[in-house]
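The values are calculated or read from the model by the stated rules, or taken from the named source; none is laboratory data. Predicted, not measured: the structure shown is a model, and the values here were computed from it. Every residue, glycine among them, receives a Cβ derived from its backbone with ideal geometry; neighbour counts consider all protein chains shown.
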Amino acid sequence: MTNAEIASLGKRYVMHTYNRYPIALVRGQGTKVWDADGREYLDFIAGLGVNSLGHCHPRVVEALREQAGKLLHCSNLYWIEPQVELAKILVEHSGLGRAFFCNSGAEAVEAAIKLARKYAKVYKGENCFEIITMRRSFHGRTLGALAATGQDKFHRGFEPLPPGFRYVPFNNLEALKEAVTPETCAVMLEPVQGEGGVYPAEKEYLKAVRKLCDENGILLIFDEIQCGLGRTGYLFAHQYYEVYPDILTLAKALAGGVPIGAMLAKEEVAQAFSPGDHASTFGGNPLAAACGVAALRALLEEGLVENARKQGEYLMERLRDLAAKFPQVLEVRGRGLMVGVEIDGPADRIAQVCLEKGLLINAVHGRILRFLPPLTVKKEEIDKALEILRKALKECLG
Ligand SMILES: *Cc1c(COP(=O)(O)O)cnc(C)c1O
């Protein structure tokens, strides 16, 4: 089928929950993807941060093929070797105590919400259930994760949302202090906000949040579903901040492109869950877990975290050079290969023009361009992408 044929069928049969670009991607290799008409693109959005190893990383493809021929699924009534291995790698590298597996980011957030509530019920009492989250945050679309998300536009039309969430402005310690009550069981935040427009936390702020949580017996949850796993130039974004969470959520890049989610917690917090408290049929299944093991090994052994840091610096430097030529470009911000460019201009149109010229990026909130290239990206690819962006900015901003 051609792009147009696929789009036309999709418009007829698929529920209209996405505004899609008029192309269908059918193949990918490294930083490149091809559409159904055979056109090639540089992929600087990488499945919204999923394809961190680039498309079709050979070690993930190999692990998937091998596991698919051995055992696709068995229930969590039995031990699953790749799941146990994946848990060990995650625990050893995060310093947290134990892992629970699910299939998506939203599910990892749901698991974190449930664990925080259960922990507070056991150790602090019946009425301690409130979770403070941040304005502009994004935690997922299931009802609990949606209620945790501090953006009204995602809530509209789905009320009533589950109670027990309170929102405060990000990077504002005073507002957080004021919001804490005896009912607060946890604070949840993204060390670098993604969907909200790429806003990194300030170092002093995050350190102070940790201190505030410790002083009040409040759990600190970091949602690193987007910013974790090497994206910021650190294996975990919080390692840059030297601030450590009690609960950590991961998903997106964890299995190199295969659906998976994980919620990690300190040993004493994890102990609040007893058998039967939480479960997932597909969570930690052999196929996804084997891909997770292969993806993490590739990430750790192929120098990709270091490459993310190095190429991230280069990308930001080049973007700042470009920004200097266009007064409508207000700010370039981010960490590692998680970069946002704020524009006083038509960001959606700029992303569209980039696509027409062979570069995939994304626009959020109509004024921020988001870049999430694979962590394998090369300097030459950044140069090529920036040349396309320069032309697109010239065309759209004059
Ligand atoms: C993408 C994302 C989620 C939701 O993940 P899904 O897999 O789409 O459910 C949650 N939190 C953050 C920070 C994300 O970027």
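Could you check segment 94-105 and list, in sequence order, the residues that are surrounded by 15 or more Cβ atoms within 10 Å (Cβ to Cβ) and either away from the ligand (no atom under 16 Å from the Cβ) or not in a helix (DSSP H, G or I) (or both)? Reasoning before the result, please.
Just the residues of segment 94-105 that are surrounded by 15 or more Cβ atoms within 10 Å (Cβ to Cβ), to begin with: 94, 96-105.
Hits for segment 94-105 are 94, 96, 97, 98, 99, 100, 101, 102, 103, 104.
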Quickly run through segment 120-161 and pick out the residues that are within 27 Å of residue 210 (Cβ to Cβ) and among the hydrophobic types (A, V, I, L, M, F, W, C).
120, 122, 128, 129, 131, 132, 134, 138, 145, 146, 147, 148
Among residues belonging to segment 126-149 that are more than 11 Å from the ligand (Cβ to nearest atom) and without any contact (Cβ under 8 Å) to a residue 24 or more places away in the chain, point out the one that is nearest to residue 168 (Cα to Cα).
147
Just give me the residues in segment 66-109 being touching a helix residue (DSSP H, G or I) at 6+ places or on another chain (Cβ under 8 Å), over 27 Å from residue 223 (Cα atoms) and of a type in the set (Gly, Ala, Ser), in sequence order.
68
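Here are 157, 164: which of them is closer than 24 Å to residue 201 by Cβ and either more than 14 Å from the ligand (Cβ to nearest atom) or without any contact (Cβ under 8 Å) to a residue 12 or more places away in the chain (or both)?
On the way: 157 fails: closer than 24 Å to residue 201 by Cβ.
After ruling out the rest, the residue left standing is 164.
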Against the definition (crowded, with 16+ Cβ neighbours inside 10 Å, modelled with pLDDT of 95 or more and more than 15 Å from residue 257 (Cα to Cα)), how does residue 23 come out, yes or no?
yes
So which residues in segment 368-383 are over 14 Å from residue 312 (Cβ atoms), surrounded by 15 or more Cβ atoms within 10 Å (Cβ to Cβ) and touching a residue at least 40 places away in the same chain (Cβ under 8 Å), if there are any at all?
368
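Taking the criterion of being more than 27 Å from residue 242 (Cα to Cα) and buried (at least 21 other Cβ atoms within 10 Å of the Cβ), would at least one residue in segment 131-152 satisfy it? Step through it out loud before you land on a result.
Step one: of segment 131-152, the residues more than 27 Å from residue 242 (Cα to Cα) are 141-144, 146-147, 151-152.
Retained after the next criterion (residues that are buried (at least 21 other Cβ atoms within 10 Å of the Cβ)): 144, 147.
So far as segment 131-152 goes, yes, one or more of its residues are more than 27 Å from residue 242 (Cα to Cα) and buried (at least 21 other Cβ atoms within 10 Å of the Cβ).
Working only within segment 106-138, note down all residues that are more than 21 Å from the chain's Cα centre (by Cα) and not in a helix (DSSP H, G or I). Step through it out loud before you land on a result.
Restricting attention to segment 106-138, the residues satisfying the condition of being more than 21 Å from the chain's Cα centre (by Cα) are 117-130.
Within segment 106-138, 124, 125, 126, 127, 128, 129, 130 meet the criteria.
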Please find, within segment 219-267, the residue that is farthest from the chain's Cα centre (by Cα) out of those that are more than 11 Å from the ligand (Cβ to nearest atom) and polar (S, T, N, Q).
239
